[in-house]
There are 2 protein chains.
Amino acid sequence: MLSISHRGQAMPASPIRKLVPYAEAAKKRGIKVYHLNIGQPDIETPKMVLDAVRNSKFKVLEYSHSAGNESYRRKLVGYYESVGIHVNYTEIIVTTGGSEAIQFGLMACLDAGDEVIIPEPFYANYNGFAVAAGVKVVPITSTIRNGFALPAMEEFEKKITPRTKAIMICNPNNPTGYLYSNEEMQQLKDIILKHNLFLFSDEAYREFCYEGKQISAMHLEGVDEHVIIMDTISKRYSACGGRIGAFITKNKTVLDAVMKFAQARLSPPSFAQIAGEAAIDLPANYFDTAKAEYTLRRDLIVKRLNAMEGVFCPNPGGAFYAMAELPIDDADIFCQWLLESFSFEGQTVMLAPATGFYGTPGLGKKEVRLAYVLNLNDINKAMDCLEKALIAYKNK
Amino acid sequence: MLSISHRGQAMPASPIRKLVPYAEAAKKRGIKVYHLNIGQPDIETPKMVLDAVRNSKFKVLEYSHSAGNESYRRKLVGYYESVGIHVNYTEIIVTTGGSEAIQFGLMACLDAGDEVIIPEPFYANYNGFAVAAGVKVVPITSTIRNGFALPAMEEFEKKITPRTKAIMICNPNNPTGYLYSNEEMQQLKDIILKHNLFLFSDEAYREFCYEGKQISAMHLEGVDEHVIIMDTISKRYSACGGRIGAFITKNKTVLDAVMKFAQARLSPPSFAQIAGEAAIDLPANYFDTAKAEYTLRRDLIVKRLNAMEGVFCPNPGGAFYAMAELPIDDADIFCQWLLESFSFEGQTVMLAPATGFYGTPGLGKKEVRLAYVLNLNDINKAMDCLEKALIAYKNK
């Protein structure tokens, strides 16, 4: 018998996408499904960003530089400057989505068996990238009752072993929406300096902050050699399908190693680099509009959730996710039941069970993640469904 | 001291791109450099392929399905049918270039420490993907004097160990241009059946055959569970920058595992999937024109090379590469000298030293790879440079 690898077997299925067959079956039965399970924004990609691609005049769809077009990287320097991150263009490697930036970081900085500490709940695909790299994810628990604040220094130190090479954060956080404070970022700085670790900072949601501003890992002083930013245009410009991200560090040894991985896969996608470059010229108020819309959505979904009996939802400071504790025993079963057995006025809602975002088995069983990527009207209808569903589920 | 991973240190630099700084310096000195070092075709991407993207009307640049747009996969079935490969759309996973298809195959089928046998010289980036996956490349030598024919069955069997999981070929071959015969493909079938191995077949250059037709690994009967095709639109439609490829197999266990890797990185690029889908509607004679042009180029470069004193170049049956043995001791030094210290009428030529394409240390030191991706006039001028350079180098 020809068998696949253990790594192929160990690779986790996406917790966000695993309920898709149930959603498809519900739709076939004529049920409208509100998708709060996945972070695909409904906001239109700015027309000038798409037009830059549509009006391009080149005749050969060539490989770009393995680090991305130099013109794009040079413009990115200006973008980062505008958010207080001072880098030069040689410190930026354009990647195929933020996903590839994460993979490059794990591959270049950690060997198989090395450990990365990640506050849980965390973006589930970190697990997949870690399995691919043979790296061990060591979760450190943040709790919904504490609003998912960063665990204390002592908690981190309990997790550090001789194999620990890095701490990875997502800020603002997916899936919790938590925005790390200045004090928390200073705490992370102290830890990586004291224990000589890399700090991987996934800053995909940098602009989506509703309570204060993001403190970037690159705002921290004296840790240039330690900090790596993983970035993406996906959420920033509602350009998820472009698959353009960035790997940024001032650590030259890391940059040189990552360039070799970048050269092996030749180049990031050419079309979407044009889009990414055009996006930098968006008017300064572009994010104001998007932020205002997301703020309204967040306020609505948090209010609706907390008004339901037995539901608790801390107010997320950023990104476009909310985590909620529901009066249920098993979110996986409940979310499947929502799609398989429930409807209200011909409609139901799809949520992401939180278990897939925790590294510690058994955690998150009462929690779900909701992506507020639908308009206010649809969010209201989706919350109507959830409210009715929780009552029906309790009386089952 | 914060150190990178051993994997990051072991990652090989691209042998095709490592001389780039010398080429840039030559250009700064005003020297025109003919690039025969890299497989970036000069042929225009078909206008209808680029127009499909430019005329697209969508408003949100969304994630696609992790396996690629269903409409694209369904059309690919027709393309593969046209080349005698019978698959259904669920057996195709659209990838980010052929590069990602190769990575997926190594990750899903081999564990760290497992071995893949590859006839050398081989596409140098296989090394990089193997390092990333922790997989050991076991080279099996084919020789320029034998035209790079497939080594005999016994040679393969000498290399097989309990850790051998797969054989990987590229057909037609990069870097040798060799097109495997029906007998050679049958030999590979016998080996994978006898030793229960996967056969990874990189078929990026399927249409570029000048002596007969390609026998695809999927034309072999009775080995459905063993065969995986790694494919790409890069060379086929001169669309290298699109970063669209395909992973194809009838092995359901492998498909399921690869889908988990595909889900982790979310989706392949959306713009270029539109281009790839449009390309399938190109007229049937599209490849005739490209093939006729490449045949002329091949004939010219092979004739010019073999007319030079001490140069031997076997006639490649496919792809757009030729390997040549030169009357020199060290191709790496010679290729660097071409860029640093030589010019003829203000021009020089950039070649890829063959050492980077061999897995066995010390092999290929007298050989170079030439990509005939320039027009006939430029090839002639590049060959003038090489001819003069070999004389100058000898008399140095």
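No lab work stands behind these numbers, since they all come straight from the coordinates. Not measured: the values here are computed from a predicted model. Ideal geometry is used to build each Cβ from the backbone, glycine not excepted, and the neighbour counts take in all protein chains shown.
Of B:193, B:308, B:149, which is farthest towards the positive pole of chain B's charge dipole, taken about the Cα centre with +1 and -1 on the beta-carbons of Lys, Arg and Asp, Glu respectively? Checked the options; the winner is B:308. Radius of gyration over Kirkwood radius for region A:47-279, both on Cα atoms: the Rg/Rh ratio is 0.96. Could you name the aspartates and glutamates in cross-link range of residue B:57, using Cα to Cα under 13 Å and dropping any fewer than eight places away on the same chain? Excluding near neighbours in sequence, the set is A:44, A:51.
Evaluate E = 1/(1 + (r/R0)^6) for residue A:295 and residue B:181, where r is the Cβ-Cβ distance and R0 equals 60 Å; express this FRET efficiency to the nearest 0.05. That gives a FRET efficiency of 0.35. For the listed residue pairs A:235/B:59; A:303/A:366; B:158/B:366; A:213/A:291, the alpha carbons are over 21 angstrom apart in B:158/B:366.
Across the identical copies, the label point of residue B:384 (7 Å from Cα in the Cβ direction) is separated from its matches by 7.9 nm, in order from shortest.
Each copy carries a label point for residue A:141 at 7 Å from Cα along the beta-carbon vector; from one copy to the others these points are 6.0 nm apart, nearest first. The angle separating the long axis of helix B:376-394 from the principal Cα axis of greatest extent in chain B is about 50 degrees. Cross-link reach is defined here as a Cα-Cα straight distance under 18 Å, omitting same-chain residues fewer than 8 places apart; for residue A:165 the lysines meeting it are A:136, A:189, A:194, A:250, A:252. In the frame of its principal axes, the protein assembly as shown has Cα extents of 88, 57, 52 Å, reported largest first. Need the C-alpha centroid separation for region A:218-278 versus region B:321-378, integer Å. The distance from the Cα centre of region A:218-278 to that of region B:321-378 comes to 33 Å. Structure remark: mean-square fluctuation, Gaussian network model of chain A, C-alpha springs under 10 Å; the largest value among A:18, A:381, A:59 belongs to A:59. Annotation for region A:111-150 versus region B:63-104: alpha-carbon center distance of 32 Å. Each other copy places its own label point for residue A:82 at 4.4 nm from this one, sorted shortest first, where the point lies 7 Å along the Cα-to-beta carbon line. A cut-off of 5 Å between modelled amide H atoms, ignoring neighbours fewer than 5 places along the same chain, links residue A:5 with B:109, B:110. Which value in Å is the Kirkwood Rh of region B:149-195 over different Cα pairs? Its Kirkwood hydrodynamic radius stands at 11.5 Å. Around the Cα centre of chain A, unit charges on the Cβ atoms of Lys, Arg, Asp and Glu (plus for the first two, minus for the last two) sum to a dipole of about 960 debye. Placing a pseudo-label 7 Å from each Cα along the Cα-to-Cβ vector at residue B:70 and residue B:340 gives an inter-label distance of 5.8 nm. Can you give the net charge of the other residues whose Cβ lies under 12 Å from the Cβ of residue B:14, counting K and R as +1 and D and E as -1? Local net charge: +4.
Over region A:1-121, the Kirkwood radius and the radius of gyration, each from Cα atoms, give a ratio Rg/Rh of 1.05. Only Lys, Arg, Asp and Glu carry charge here, each on its Cβ (+1 for the first two, -1 for the last two); on that basis region B:48-279 has a dipole of about 660 debye about its Cα centre. Rounded if a/c is under 1.5, else prolate if a/b beats b/c, else oblate: with a ≥ b ≥ c from the C-alpha gyration tensor eigenvalues square-rooted, which is region A:206-275? Note, shape of region A:206-275 comes out oblate. Within the listed set A:288, A:332, A:384, the residue fluctuating most in the Gaussian network model of chain A (springs between alpha-carbon atoms under 10 angstrom) is A:288.
With everything on Cα atoms, drop me the angle between helix B:70-82 and the longest principal axis of chain B, reported from 0 to 90° to the nearest 10. For B:70-82 against chain B, the angle is about 60 degrees. Counting every other Cβ atom within 10 Å of each residue's Cβ, B:195, B:86, A:35 order from fewest to most as B:86, B:195, A:35.
When the helices of chain A are scored as -39500 (n - 2.57) per DSSP H run of n ≥ 4 and the total is divided over every residue, the value at 222 nm lands at -11500 deg cm²/dmol. Is region A:129-252 rounded, prolate or oblate when judged by the Cα gyration tensor, a ≥ b ≥ c being the square roots of its eigenvalues, rounded requiring a/c under 1.5 and prolate requiring a/b larger than b/c? Here region A:129-252 falls in the rounded category. For region B:224-329, the list of GluC sites (Glu not before Pro) that fall in a loop by DSSP and count at most 13 other C-beta atoms within 10 angstrom reads B:309. If only the Cβ of Lys and Arg carry +1 and only the Cβ of Asp and Glu carry -1, the dipole of the protein assembly as shown around its Cα centre is close to 560 debye. Against the longest principal axis of chain A, how steep is helix A:182-195, in degrees 0 to 90 to the nearest 10, with axes from Cα atoms? So the helix axis and the longest Cα principal axis differ by about 60 degrees.
Peptide B:97-106 has a mean shielding of 3, counted as Cβ atoms of other protein chains within 10 Å of each residue's Cβ. For a modelled paramagnetic label at residue B:44, 7 Å from Cα along Cα-to-Cβ, the residues of region B:274-290 in reach, with backbone nitrogen under 19 Å, are B:275-276, B:278-290.
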